[in-house]
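Here is the structure we will look at, set down as structure tokens.
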Amino acid sequence: MATVQLKNVKKIYDNKVTAVHSFNLEIADKEFIVLVGPSGCGKSTTLRMVAGLEEISEGELLIDGNVMNDVEPKDRDIAMVFQSYALYPHMTVYENMAFSLKLKKVPKEEIDKKVREAAAILDITQYLERKPKALSGGQRQRVAIGRAIVRNPKVFLMDEPLSNLDAKLRNQMRAEIIKLRQRIDTTFIYVTHDQTEAMTLGDRIVIMKDGYIMQIGTPQEVFEHPANVFVAGFIGMPQMNFFDDAELIQEGGETKVKIQDAVMELPEDKQKALAGRTGKVVVGIRPAHIHLADQAEAHTVSGIVDVSEMMGSEIHLHVNAKGKDIVLVLATTELPAAWRGGIPYGTEIHFTFPGDLIHIFDPETENNLL
């Protein structure tokens, strides 16, 4: 059992700067939680407070119902994997992994068993007698993870463990962490600024900005129902398009949305949520949810192609629509043959998107109105 609770946790530094504001989170046993956000949002500080490497200024941290605020890091039964691997260069892989167990005076036979089991899980058995300098970045990170596994901690903390790796290796290691999570029953708290890692790894994601929690939810929830403009723009690649000059109008007894010269119909549930509201709004639409139209119509937006990026099975199209850069993601199989290698600069195109995939935000609060 390893539940983790953070109750109104704050971090205030000596210079009176608040790095984390009233952080509230309940993590279930064996849950994989990802803290994600831009640099400086407080996610690593939060993780370090859980680890005991940063003092908690206000609030409570509980592990399995026990308050941990004043408990030494070594007594919290947690293990942490750092971005920088933090391996001892003069020790072999085996010695690095066994070190914490030796300090605890665990019997040699048990140490050997645990180290070899962890090495097998991570596929690093063949490197046990090597020194860290003889390993690649990905192999070193596996050793760092292995060193944490052997301790069989209640809570596994990972602070941007893949950010030092190249893109291909990062993808491989991400898959390894998913496999690892299935093999070892423990609670994970994982910090990253990479939203792809957050979406693929987390049972739930905590999105942070400037020390505040913006939204907590499953990857699907935060993608399909972002709480505000920040979350909508942060989650999803390429990022969501925003029309900040959109307007809600009443037409024929229905609530519709006007975007530039286009008037889009909304499904009943969205009309109900907006309850006859009118006036300025911010409309968001994901690049993959936009479709090309054959000609200009009452429900289409028009624009001029600026950049056409060929990505293999799809094209990322940057379109200038009345001065706004709108990105479309189009499957090449759905394009005319002449456009499958890219759409020429200066081409006028018309596009639209379904009302049920539109996100509508309050221009003042930036909160999702739906």
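The values are calculated or read from the model by the stated rules, or taken from the named source; none is laboratory data. The structure presented is a predicted model; accordingly, all values stated were derived computationally and were not measured. Glycine also receives a Cβ, built like all others from the backbone with ideal geometry; neighbour counts cover every protein chain displayed.
Things to note:
- Within this structure, LEU292 passes the test of being modelled with pLDDT under 95, more than 25 Å from the chain's Cα centre (by Cα) and within 11 Å of ILE349 (Cβ to Cβ).
- The residues in region 340-360 that are part of a loop (DSSP other than H, G, I, E, B) and over 30 Å from the mean Cα position of the chain (by Cα) can be counted, and the count is 8.
- Scanning region 142-169 for residues that are touching an Asp or Glu at 6+ places or on another chain (Cβ under 9 Å), more than 19 Å from ILE33 (Cα to Cα) and either of a type in the set (A, V, I, L, M) or outside any loop (DSSP other than H, G, I, E, B) (or both) yields ARG142, VAL150.
- Total residues in region 170-203, condition in a helix (DSSP H, G or I), among the hydrophobic types (A, V, I, L, M, F, W, C) and in contact (Cβ under 8 Å) with a residue 12 or more places away in the chain: 7
- Pairs with Cβ under 9 Å, 6+ apart, first in region 291-315 and in a strand (DSSP E or B), second at pLDDT below 95 and of a type in the set (Lys, Arg): VAL301/LYS322; SER302/LYS322; GLY303/LYS322; GLY303/LYS324; MET310/ARG340; ILE315/ARG340
- For region 74-116, the tally of residues that are out of contact with any Pro (no Cβ under 9 Å at 6 or more places or on another chain) and either at positive phi or basic (Lys, Arg) (or both) stands at 9.
- The lone exception for PRO363 - which of (1) under 24 Å from the mean Cα position of the chain (by Cα); (2) under 17 Å from GLY233 (Cβ atoms) it fails: (1)
- Residue match in region 186-193 (condition: within 21 Å of ARG286 (Cα to Cα), surrounded by fewer than 21 Cβ atoms within 10 Å (Cβ to Cβ) and in the same structural domain as GLU160 (by TED's automatic domain parsing)): yes
- Against the test of being surrounded by 16 or more Cβ atoms within 10 Å (Cβ to Cβ) and of a type in the set (Lys, Arg), the options LYS258, LYS280, LYS179 yield a single qualifying residue, LYS258.
- Residue check, ILE33 more than 21 Å from GLY146 (Cα to Cα) and buried (at least 18 other Cβ atoms within 10 Å of the Cβ): no
- Of the residues making up region 320-339, one or more are within 21 Å of GLY233 (Cα to Cα), without any contact (Cβ under 8 Å) to a residue 60 or more places away in the chain, part of a loop (DSSP other than H, G, I, E, B) and within 32 Å of the chain's Cα centre (by Cα).
- Residue within region 326-341 that is at pLDDT below 95, of a type in the set (S, T, N, Q) and assigned by TED's automatic domain parsing to the domain that holds LEU248 present: yes
- In region 124-155, the residues that are of a type in the set (Lys, Arg) and either surrounded by fewer than 18 Cβ atoms within 10 Å (Cβ to Cβ) or under 11 Å from ASN96 (Cα atoms) (or both): ARG130, LYS131, LYS133, ARG140, ARG147
- Per-region count, region 1-16, residues hydroxyl-bearing (Ser, Thr, Tyr) and either without any contact (Cβ under 8 Å) to a residue 24 or more places away in the chain or closer than 14 Å to GLU55 by Cα (or both): 1
- Condition check for VAL281: touching a Leu at 6+ places or on another chain (Cβ under 9 Å), farther than 30 Å from GLY303 by Cα, among the β-branched types (Val, Ile, Thr) and not in a helix (DSSP H, G or I): no
- Filtered residues of region 303-319 (kept if surrounded by 18 or more Cβ atoms within 10 Å (Cβ to Cβ) and more than 30 Å from the chain's Cα centre (by Cα)): GLY303, VAL305
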